[in-house]
Amino acid sequence: MAKVLCVLYADPVDGYPTSYARDDLPRIDQYPGGQSTPTPQGTDFTPGHLLGSVSGELGLRRFLESRGHTLVVTSDKDGAGSVFDRELPDADVVISQPFWPAYLTAERITRARNLKLAITAGIGSDHVDLDAAIAHDVTVAEVTYCNSISVAEHVVMMTLSLVRNYLPAHQWVLDGGWNIADCVARSYDVEGMNVGTVAAGRIGLAVLRRLKPFDVRLHYTDRHRLPESVENELGLTFHASAAEMVPHCDVVTINAPLHPETEGMFDDDLIATMKRGAYLINTARAKICDLDAVDRALRGGHLAGYAGDVWYPQPAGPDHPWRTMPHHGMTPHISGSSLSAQARYAAGTREILESWLDGTPIRDEYLIVDKGTLAGTGAHSYSTTAQARS
Ligand code: NDP
């Protein structure tokens with residue numbers, strides 16, 4: 001029988017919800033491109049309910065316990081003595097979410113002697129040391145596509161919010177003011193701007209598609225070029241690297257995974273080549289940007305705004321400089337954890353568990369590491385430390 005250790009964010013401060021703002025979710029059976037949404041044999045939750053916090057348990061308890069397995073759910077994940085550290089040594093499966101990541105470091109993977117499967121209930125498995133997972137033959141899987149559109153919507157929201165100066169204007173309303181000049185002194189139209197994405201995968205391409213009707217000029221860079229038909233349809237300009245692309249852009253959005261090739265990409269040098277007054281949106285991973293370089297560029301006025309929802313470490317401490325830098329539109333890590341997304345990644349987590357427990361193959365598109373090597377989506381989008389060095 002397996003022990004499943006699941007790390008989720010804490011319940012709301014006023015308790016687990018007893019009612020919701022809406023009664024249902026739109027039904028979505030397929031993602032763009034045709035991949036089906038998760039297809040578990042069954043689910044034990046109501047779509048639209050809070051599943052990603054401790055009491056929601058990703059809707060897994062009845063399923064696992066009815067098969068005789070053990071489920072431990074906690075939000076206490078950091079430091080020696082945490083519930084996560086205590087429960088890890090004999091866990092067979094670890095489930096974690098990027099929003100509240102249980103960092104599976106090389107040291108923790110070595111200590112987790114029974115660990116065979118690490119599931120990301122979401123997308124982005126950089127909180128798992130993939131080199132160590134490969135070395136210890138731990139399978140790493142994530143629910144590919146489950147929240148890609150959720151994040152793309154967030155990127156569009158943040159682009160418009162920054163460029164139009166929405167957040168400070170809203171603050172004037174909350175403060176009882178009517179300070180139109182204060183609100184509009186940093187407010188522009190997006191129309192006509194050059195917008196570029198670093199990576200045009202599921203999220204990046206969805207962002208490009210959603211911004212197209214705003215009559216902007218669209219740019220992208222990626223390791224693999226999109227089909228010519230897509231480039232023509234969206235009027236895309238391809239650039240061979242981020243360094244080539246960013247000097248042309250008024251808005252840059254980062255949609256690449258964090259791996260050795262992308263870590264620290266937006267440092268002082270790259271940001272200095274961006275247009276003065278450019279906006280940078282990062283909902284991918286914080287470490288793709290140099291924390292202090294972003295802070296300096298905002299304070300010095302080189303960047304007009306920075307927004308995103310990804311921080312390092314997570315949760316960010318009260319003194320994290322990104323909380324207080326000027327002209328930012330940061331949220332906690334939420335873009336991929338809407339109630340709509342939760343229903344998909346809870347179902348996808350169950351699908352992965354069913355496959356693994358039944359000894360049937362996990363969908364190739366969910367795999368990041370398998371059988372001691374990058375596999376499936378992981379082989380396409382990630383790199384190991386050794387690959388990055390070569
Ligand atoms: P995809 O795998 O669909 O797309 C990732 C893209 O990044 C691929 O096209 C890949 O290229 C490209 N890429 C990888 N390395 C580079 C590089 N060095 N330079 C340029 N492009 C590169 O993933 P998604 O679009 O679904 O998600 C992207 C990332 O967004 C996730 O890895 C995760 O970190 C983050 N995310 C954040 C969420 C949030 O809540 N804030 C939620 C979900 C995801 P190719 O495949 O062509 O080699």
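The values are calculated or read from the model by the stated rules, or taken from the named source; none is laboratory data. If you're wondering where the values come from, they're calculated on a predicted model, not measured in any experiment. Positions of Cβ are backbone-derived with ideal geometry, glycine not excepted, and every protein chain shown enters the neighbour counts. These area figures cover heavy atoms from the full protein model, side chains too; ligands, DNA and RNA do not enter into them. Shrake-Rupley method; radii C 1.70, N 1.55, O 1.52, S 1.80 Å.
Brief remarks on what is shown
- Single residue of Asp309, Asp295 found to be more than 30 Å from Gly68 (Cβ to Cβ), within 16 Å of the ligand (Cβ to nearest atom) and of a type in the set (Asp, Glu): Asp309
- Where a residue in region 194-220 is of a type in the set (S, T, N, Q) and its partner, wherever it lies, is within 11 Å of the ligand (Cβ to nearest atom), with Cβ under 6 Å and at least six apart: Thr197/Gly204; Thr197/Val207; Thr197/Tyr220; Thr197/Thr253; Thr197/Asn255
- Among the residues examined, Ala304 does not qualify as among the small types (Gly, Ala, Ser), within 13 Å of the ligand (Cβ to nearest atom) and in contact (Cβ under 8 Å) with a residue 60 or more places away in the chain.
- Residues that are within 13 Å of the ligand (Cβ to nearest atom), open to solvent by 20 Å² or more (accessible area, probe 1.4 Å) and in a loop (DSSP other than H, G, I, E, B) within region 318-364 comprise Met330, Thr331, Pro332, His333, Ile334, Ser338, listed in sequence order.
- Counting only strands (runs of 3 or more DSSP E) wholly contained in region 193-280, the ones carrying 1 or more residues that are within 15 Å of the ligand (Cβ to nearest atom) and crowded, with 23+ Cβ neighbours inside 10 Å occupy 194-198, 217-221, 251-254.
- From the options Leu115, Leu51, Leu71, Leu5, residue that is closer than 14 Å to Leu339 by Cα, open to solvent by less than 40 Å² (accessible area, probe 1.4 Å) and not in a helix (DSSP H, G or I): Leu51
- Residue within region 258-275 that is among the aliphatic types (A, V, I, L, M) and touching a Phe, Trp or Tyr at 6+ places or on another chain (Cβ under 8 Å) present: no
- Residues located in region 299-310, provided they are assigned to a loop (DSSP other than H, G, I, E, B) and either farther than 18 Å from Lys287 by Cα or open to solvent by 30 Å² or more (accessible area, probe 1.4 Å) (or both): Gly300, Gly301, His302
- The set of residues from region 40-67 being farther than 21 Å from Val94 by Cα and either among the β-branched types (Val, Ile, Thr) or modelled with pLDDT under 95 (or both) comprises just one member, Thr46.
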